[in-house]
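To keep things clear, I will list the structure first and then write my remarks on it.
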Amino acid sequence: MRELEFAVLGPLEVRDSGTPIRLTGMRRRRLLALLLLRFPHAVARESLVDALWETPPASARQQVHNAIRDLRAALTTTPATAGSGAGSTTGSSVLATTATGYRLDVPPEAVDAHRFTEGARAARAARREGRETEAVRLFRSALDLWRGEAFAGIDCPAVTAAAAGLEEERLTAIEELMELRLAAGESATLVAELSTLTAAHPLRDALRGHLMLALHRSGRQADALAVYDEGRRLLADELGLEPGRHLRRLHTEILTDAREERRTPKPPTTDTPTLTPTPTRQGTEAHHRPTHHSHHSHHGHHSHHGNHLPRDLPDFTGRTAELALLNSETDAHHCTTPLTSPAAPSTIVLDGMGGIGKTALAIHFAHRRTPDHPDGQHYIDLHGFTPDRDPLTPEEALGILLRSDGATPEEIPTGPAERGAAWRSRLAGRRALLVLDNAADAAQVAPLLPGAGDTLTLITTRRKSAAPDGARRLTLGALRQEEAETLFRRVAGESRPAASLARTVTLCGHHPLALRLAATRLRDRPSWTVPDLADRLSTPEGRTALLRTADRGLMPVLALSRTRLPPEAQRLAHLLALHPSTPHDIAAVCAITGLAAPLVEHLLDTLLDHNLADEPAPAHVALPLLVRDCAQSWTPPTEPQLQATARRLTVVA
């Protein structure tokens, strides 16, 4: 029986029953690495295209298809000695094709990164239960899986970001292992190992503190003090910061020859102002604000713990699958993907069409995770899609965030770079929560992201491409049938049989805002029945007229996306909305518009990026019902009829 193994904790390797499989070509290796990043989840085709090319060629999808075919063939190859019985693994079961992309279909333990994170998790559980010897053994076994830098030799930004997260997890495990060994009485035997580690990672206060303690317990007090002075100078010269509180306390104890009597010393792992965050541990003084803030008493201790989240919807309904996925991505100790680093900043992007419930879900989830992020909960509307106003600039947004965190006007510098540095400095070492709502694009949110600490950032946006490098992305679609019916009932105050609601929620596109508006109409019209409402919603004109209230309407919300589209994409959406058939393949769209295939594919990618179209099958697109209603009313651009010329392609590329 075949046993495929995927090794990423070093150069990328695949082994079939212990025999290496040779993967030639950087693109094929990048593709496998990208599949492993999201294992065991599927990876969307557009995500692969975006990760493999900075500027995708027209043939990008076909090239991905070809590379998948070649990779599947390579993974299907079996050793000559392998049998072909029932135990054999087929190519289709190793690399599965889903409705939206591709997924590796192997047991989790087939990936060494999963075995590493599970081993570290088991070690921490053993430590919490007082089984220190077993915890040491488990940490050693997990760390022995490393053969070098994770994904070594794979040149791809998304892979590089994931490798950095894995390296952070490795260093965290090393720090905890060293702490356990110190607690068990080792000292002189650790000095050489800790000296090497500290030299390689000089900005990690935890390693430096462990080395100081090992030297001090070995009778080398002067050397321990020298190690502290070296770290203090390095922090001051490179970052303008002081060492963390725990490192300073340890320095004072060594200086006064106050020997540690505690069995488990409190390591300098919490309020450190280093570039790479240190782990949060049970039993330590975790989640304090960075020490460099404590030098400025006017910051105020309580400003860091303010909750600025908007209120949660009292009738929030559904999204159970999405909430479960968000929890699995966020929970460091129960994560289903092996590449999430619990000690590093985490970013999750919720994208979807207007009114689909991105903000409601982000705020609801943020309130649920507030106890896990006690060092402040921040919210800002970036106005990426707000009528009659421009999106906030990063400099404006940073000013708002700094003020909400308690910074006085004198402490807020001018210039986006200076404000970004001040914001990252305040978040370093903290476990905060940040909601960046209504983002226009990745350039707007990138300067607002923390550089260190255990901060969770939730970003909502209408654009898939607004996700910054290294972020997890979740696209929100329509509600499931039962969720849509439940939401309708809650808003309308009705108690109807499900069968009488099915047509109504379908005519609302299972769209949360449409459902709320329709249910509000029914609630405010006591003489109406659900069938009456459904009849009125059965035409585009009826939906346009009914799906609005005195203060908001669905069509204006959807139409805001038009303002971010190039004229060519606006016209394409308008023409597709007028066409009776759906979905459309590339050839059909070429026939409808008279444009050449490369330009059509580029414009369809634009609509997909803005979540104004779905891709029910590869190279097929469909406009959702409500988007069709909205786009039918768009006045086509007044410029000349679009032609698929090279000049035009250059303009929109």
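Out of Leu599, Leu612, Leu642, one residue alone is at pLDDT 90 or above, open to solvent by less than 40 Å² (accessible area, probe 1.4 Å) and in a loop (DSSP other than H, G, I, E, B). It is Leu612. Of note, Thr189 satisfies the criterion of being in a helix (DSSP H, G or I) and open to solvent by 30 Å² or more (accessible area, probe 1.4 Å).
Scan segment 1-44 residue by residue and report those that are small (Gly, Ala, Ser) and assigned to a helix (DSSP H, G or I). Before the answer, list the steps.
Applying the first criterion (small (Gly, Ala, Ser)) to segment 1-44 yields 7, 10, 17-18, 25, 33, 42, 44.
Answer for segment 1-44, where residues must be small (Gly, Ala, Ser) and assigned to a helix (DSSP H, G or I): just Ala33.
Against the numbered list (1) outside any helix (DSSP H, G or I); (2) among the hydroxyl-bearing types (Ser, Thr, Tyr); (3) touching a residue at least 24 places away in the same chain (Cβ under 8 Å), Ser527 comes up short only at (3).
Here Gly415 passes the criteria (1) open to solvent by less than 40 Å² (accessible area, probe 1.4 Å); (2) of a type outside the set (A, V, I, L, M, F, W, C); (3) touching a Gly at 6+ places or on another chain (Cβ under 7 Å); (4) without any contact (Cβ under 8 Å) to a residue 60 or more places away in the chain except the one numbered (3).
Taken over segment 572-596, the criterion of being under 30 Å from Arg548 (Cβ atoms), part of a loop (DSSP other than H, G, I, E, B) and out of contact with any His (no Cβ under 9 Å at 6 or more places or on another chain) is satisfied by His579, Pro580, Ser581, Thr582.
Of everything in segment 126-147 that's of a type in the set (D, E, K, R) and in a helix (DSSP H, G or I), which residue is surrounded by the most Cβ atoms within 10 Å (Cβ to Cβ)? Spell out how you get there, then give the answer.
We begin by selecting, within segment 126-147, every residue of a type in the set (D, E, K, R); these are 127-129, 131-132, 134, 137, 140, 144, 147.
If we keep only those that are in a helix (DSSP H, G or I) as well, we get 127-128, 132, 134, 137, 140.
Numbers: Arg127: 23, Arg128: 12, Glu132: 17, Glu134: 15, Arg137: 14, Arg140: 14.
Checked segment 126-147; the qualifying residue surrounded by the most Cβ atoms within 10 Å (Cβ to Cβ) is Arg127.
With respect to (1) more than 21 Å from Leu612 (Cα to Cα); (2) assigned to a helix (DSSP H, G or I); (3) open to solvent by 30 Å² or more (accessible area, probe 1.4 Å), the lone exception for Ala534 is condition (3). Screening Thr337 with (1) among the polar types (S, T, N, Q); (2) modelled with pLDDT of 50 or more; (3) crowded, with 19+ Cβ neighbours inside 10 Å gives one miss only, at (2). Taken over segment 340-355, the residue count meeting the criterion of being over 13 Å from the mean Cα position of the chain (by Cα) and at pLDDT 85 or above is 4.
So that you can scan it fast, the table gives a plain yes or no per residue for (1) in a strand (DSSP E or B); (2) within 19 Å of the chain's Cα centre (by Cα); (3) closer than 29 Å to Thr563 by Cα:
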{"site": "Ala360", "(1), (2), (3)": "no, yes, yes"}
{"site": "Arg368", "(1), (2), (3)": "no, yes, no"}
{"site": "Pro374", "(1), (2), (3)": "no, no, no"}
{"site": "His378", "(1), (2), (3)": "yes, yes, yes"}
{"site": "Asp390", "(1), (2), (3)": "no, no, yes"}
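Mind listing whichever residues of segment 468-494 are in a loop (DSSP other than H, G, I, E, B), modelled with pLDDT of 90 or more and open to solvent by less than 30 Å² (accessible area, probe 1.4 Å)?
Quick first cut of segment 468-494, residues in a loop (DSSP other than H, G, I, E, B) only: 468-471, 476-480, 493-494.
Imposing the further condition that a residue be modelled with pLDDT of 90 or more reduces the set to 476-480.
Those that are in a loop (DSSP other than H, G, I, E, B), modelled with pLDDT of 90 or more and open to solvent by less than 30 Å² (accessible area, probe 1.4 Å): Leu476, Leu479.
Filtered by the rule that a residue be open to solvent by 20 Å² or more (accessible area, probe 1.4 Å) and in a strand (DSSP E or B), segment 418-450 gives a lone residue, Asn438. Here segment 456-467 is the region considered, the condition is being open to solvent by 10 Å² or more (accessible area, probe 1.4 Å) and not hydrophobic (A, V, I, L, M, F, W, C), and the residue that is nearest to His383 (Cα to Cα) is Arg462. Taking the numbered list (1) open to solvent by less than 10 Å² (accessible area, probe 1.4 Å); (2) without any contact (Cβ under 8 Å) to a residue 24 or more places away in the chain; (3) in a loop (DSSP other than H, G, I, E, B) in turn, Gly453 passes all entries but (2). Answer yes if at least one residue in segment 202-222 is over 34 Å from the mean Cα position of the chain (by Cα), hydrophobic (A, V, I, L, M, F, W, C), farther than 11 Å from Ile254 by Cβ and surrounded by 24 or more Cβ atoms within 10 Å (Cβ to Cβ), and no otherwise. Yes, there is a match, as at least one residue in segment 202-222 is over 34 Å from the mean Cα position of the chain (by Cα), hydrophobic (A, V, I, L, M, F, W, C), farther than 11 Å from Ile254 by Cβ and surrounded by 24 or more Cβ atoms within 10 Å (Cβ to Cβ). Among the residues making up segment 584-595, a single one is more than 35 Å from the chain's Cα centre (by Cα), open to solvent by 40 Å² or more (accessible area, probe 1.4 Å) and in contact (Cβ under 8 Å) with a residue 24 or more places away in the chain: Gly594.
The values are calculated or read from the model by the stated rules, or taken from the named source; none is laboratory data. Since the structure is predicted, the reported quantities are computational estimates derived from the model, not experimental observations. Note: ideal-geometry Cβ built from the backbone for every residue, glycine included; neighbour counts use all protein chains shown. Please note that ligands, DNA and RNA were not included when accessible areas were found on the heavy atoms of the full protein model with its side chains. Shrake-Rupley method; radii C 1.70, N 1.55, O 1.52, S 1.80 Å.
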